[in-house]
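For reference, the structure discussed in these notes is given below.
The values are calculated or read from the model by the stated rules, or taken from the named source; none is laboratory data. Note that the structure is predicted; figures quoted are calculated from it, not measured. Cβ: placed from backbone, ideal geometry, glycine included. Neighbour counts: every protein chain shown. Each accessible area value is taken on the protein alone, full model and side chains, heavy atoms only, with ligands, DNA and RNA left out. Shrake-Rupley method; radii C 1.70, N 1.55, O 1.52, S 1.80 Å.
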Amino acid sequence: MPGVIRAVDLVKYLGGIQVVRGVSLDVERSRITVIMGPNGSGKTTLLRMLGLLLPPDGGLLEMDGVNLLSLDEEGRRGFLRRVAFVPQKPVVLTANVYRNIAIPLRLRGLDPRTADAEAWRWLKEVNLEKHAWKSAHSLSGGERQLLALARALALSPDVLLLDEPTSHLDPKNAAFIQRLVKEYVSERGIHCVVVSHNVREAKFLADEILVMVSGRIKARYGPDAPESELLKWI
Ligand SMILES: Nc1ncnc2c1ncn2[C@@H]1O[C@H](COP(=O)(O)OP(=O)(O)O)[C@@H](O)[C@H]1O
Ligand SMILES: [Mg+2]
């Protein structure tokens, strides 16, 4: 499955300010690109543009040579069905924990029995089955993050976009999720971009680490970059 998501010179203005200022990157299959950088540097804005959740004001965005910015509404919806985006503050549905995974799967067209079995499998995978019948709103921040990740992975995305996915997790859960994401991406050969403030996480997950400062990519590293070098930027 060859393929690449290619962003060239992406630009975004928010509130009259250019917050993404000409960013180019390639996101290849089976590889994880980690974006690091200080608060307010434009990481979330960039991630949302890569998932077509926010339209760029300039630049190009392609997947496998198809221009994602000139898709018609049907084409855009088709692409969005292939994307899973987990925001920094995960959104949960007003329903129990189990249905938070099962409902999106049913909406994707899985038959109810398969959707329910998959939802259960992923709840167990992230160790939330004991909370299955609770309201998702009653979960702690970390539990919500686990739920949002389980829901995203259950959807079998082709493009996985994670915004600070372990920021609310304890070290044990964070390590577990990092391994889970890494395995998932390489086994399924999907595209993955992760925003992270955690240098160790970045080095563990990444095939490529991009440092974003004031809306621009200021440095690119491999996973072997020294921690001290990465820490300089954040
Ligand atoms: N809706 C918005 N309106 C105006 N400014 C925004 C909006 N969303 C984000 N910003 C600003 O854009 C900049 C980049 O934000 P963001 O992409 O969230 O940064 P990061 O994820 O790196 O912390 C910040 O200065 C932020 O305040
Ligand atoms: Mg952010």
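A simple charge model with +1 on the Cβ of Lys and Arg, -1 on the Cβ of Asp and Glu and nothing else charged puts the dipole of the chain at about 520 debye relative to its Cα centre.
Under 5 Å between amide hydrogens, built in the peptide plane, is the criterion, and for Val19 it picks out Lys12, Tyr13, Leu14 among residues at least 5 positions away or on other chains.
Comparing mean-square fluctuations of Ala175, Ala154, Ala115 from a GNM of the chain with C-alpha springs under 10 Å, the top value falls on Ala175.
Between Ala95, Ala148, Ala119, the GNM of the chain built on Cα springs shorter than 10 angstrom shows Ala95 fluctuating the most. In the full protein context, the chain carries 47 Å² of accessible surface per residue, based on a 1.4 Å probe and ignoring ligands, DNA and RNA.
Helix 141-154 and the longest principal axis of the Cα set of the chain meet at an angle near 90°.
In sequence order, the stretch 19-28 has phi-based couplings of 9, 10, 10, x, 9, 10, 7, 10, 10, 8 Hz under the Karplus curve 6.51 cos²θ - 1.76 cosθ + 1.60, θ = phi - 60°, and Gly or Pro positions carry x. If you run the Gaussian network model on the chain, springs between alpha carbon atoms under 10 Å, then out of Lys172, Lys203, Lys134 the most flexible one is Lys172. For Ile35, the residues whose amide H sits under 5 Å from its own are Val194, Val195, Ser196, Leu210, ignoring neighbours fewer than 5 places away on the same chain, with H placed 1.01 Å from N. Tell me, how many Å apart are the Cα centres for the stretch 188-234 and for the stretch 76-143? When both Cα centres are located, 28 Å separates them. Would you mind checking Lys89/Lys182; Lys12/Lys218; Lys12/Lys172; Lys124/Lys172 for any pair whose Cα atoms are more than 27 angstrom apart? Over 27 Å Cα-Cα: Lys12/Lys172. You can think of it this way: the chain between Glu187 and Arg220 has 9.4 nm of extra reach, that is 0.36 nm per residue less the Cα-Cα gap. Taking only protein heavy atoms and a 1.4 Å probe, the accessible area of the chain is 51% carbon and sulfur.
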